[in-house]
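Engineer: One structure, pasted below without further comment.
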Ligand SMILES: Nc1ncnc2c1ncn2[C@@H]1O[C@H](COP(=O)(O)OP(=O)(O)OP(=O)(O)O)[C@@H](O)[C@H]1O
Ligand SMILES: [Mg+2]
């Protein structure tokens, strides 16, 4: 659907015929095996073990400071595991040679917690930056792709605006457009709705669902917005600060019904004790 689809991205080529390529009839896109995350001697989380299916919206949730952003940083290679491995399809990301890893990274799009647009560049220039670096597109083609990506997030006509000239919600959407610049197979969003009003936050959720439908990307999102989690997550992992490992894994609606981990129940019911009797709709929107 875009000018960059002929860049040689190996979309769809990964994950064929290995022991863990298929689980329950669907294709495993990301596999995290016995991951331990540490800063020096401080072990933040251990024994994280989970898979993300291709095309899934997967949420990393948990209290502030539990290690959500750190897990995201491991998934995109900014932090190295203290133990364990991360696989994309049948490629071992953790053990990959630098050149291979560099190629794998180009298939990722990232929206950082801080947003991260360059303030001295227009929106079109921000989105064009990775295209200029990693493709042979001409400046005119780059501009065309930038316009296309901005229109996907409802910002057509804002190509020549600087980040400071648009609202916080628009900056988030521009960040999303930049994350999508190279038609990524996997999109990583760290707190995409932080700082947005509830209506903008809801619109962003709808946008994320639309992007998944139109691009078919796998989407990994860090968030503690319950409404978002219940609205868009196919599956989620809860990082438990008390036990320093994963407290739950699964669909959030199912977890709300049946998960017995007290930390997970507190989280999913906004801290209400004795979560029995809390109705799902109440929790998701109340
Ligand atoms: N570069 C670092 N060096 C040492 N410790 C760090 C570093 N980055 C984060 N930490 C620590 O790791 C823990 C987890 O941080 P992280 O940013 O992953 O949490 P988080 O779950 O994303 O929190 P929040 O919801 O507030 O964004 C915190 O205690 C933090 O102080
Ligand atoms: Mg964080």
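The values are calculated or read from the model by the stated rules, or taken from the named source; none is laboratory data. Just so you know, these numbers come straight off a predicted model, no measurement behind them. Positions of Cβ are generated from backbone atoms using ideal geometry, with glycine treated the same way; all protein chains shown enter the neighbour counts.
Engineer: Name the helices (runs of 4 or more DSSP H) wholly within the stretch 64-173 that hold at least 1 residues that are within 16 Å of ligand 2 (Cβ to nearest atom), surrounded by 19 or more Cβ atoms within 10 Å (Cβ to Cβ) and in the same structural domain as residue 206 (by TED's automatic domain parsing)?
Structural biologist: Passing ranges, in order: 68-75.
Engineer: May I pose another question? When the stretch 87-115 is examined, which residues are found to be within 16 Å of ligand 1 (Cβ to nearest atom) and without any contact (Cβ under 8 Å) to a residue 60 or more places away in the chain?
Structural biologist: Scanning the stretch 87-115 gives a single hit, 114.
Engineer: For residue 222, are the conditions met, namely being buried (at least 20 other Cβ atoms within 10 Å of the Cβ), within 15 Å of ligand 2 (Cβ to nearest atom), within 12 Å of the chain's Cα centre (by Cα) and closer than 15 Å to residue 58 by Cβ?
Structural biologist: So residue 222 passes the test.
Engineer: Within the stretch 246-255, is there a residue that is under 15 Å from the mean Cα position of the chain (by Cα), under 22 Å from residue 35 (Cα atoms) and part of a loop (DSSP other than H, G, I, E, B)?
Structural biologist: No, the stretch 246-255 contains no residue that is under 15 Å from the mean Cα position of the chain (by Cα), under 22 Å from residue 35 (Cα atoms) and part of a loop (DSSP other than H, G, I, E, B).
Engineer: Conditions: (1) within 17 Å of residue 186 (Cα to Cα); (2) in contact with a helix residue (DSSP H, G or I) (Cβ under 9 Å, 6 or more places away or on another chain); (3) within 13 Å of ligand 1 (Cβ to nearest atom); (4) without any contact (Cβ under 8 Å) to a residue 60 or more places away in the chain. Residue 73 meets all but one. Number of the miss?
Structural biologist: Result: residue 73 fails condition (2) only.
Engineer: Across the stretch 23-47, what is the total count of residues that are part of a strand (DSSP E or B), closer than 23 Å to residue 252 by Cβ and more than 16 Å from ligand 2 (Cβ to nearest atom)?
Structural biologist: 10
Engineer: What pairs come out if I take residues in the stretch 210-227 that are at positive phi and pair them with residues that are surrounded by fewer than 23 Cβ atoms within 10 Å (Cβ to Cβ) and not in a helix (DSSP H, G or I) whose C-beta lies under 7 Å away, six or more apart or interchain?
Structural biologist: Within 7 Å, the pairs are 216/55.
Engineer: Of the residues that sit in the stretch 177-219 and are in a helix (DSSP H, G or I) and in contact with a strand residue (DSSP E or B) (Cβ under 6 Å, 6 or more places away or on another chain), which one is surrounded by the most Cβ atoms within 10 Å (Cβ to Cβ)?
Structural biologist: 179
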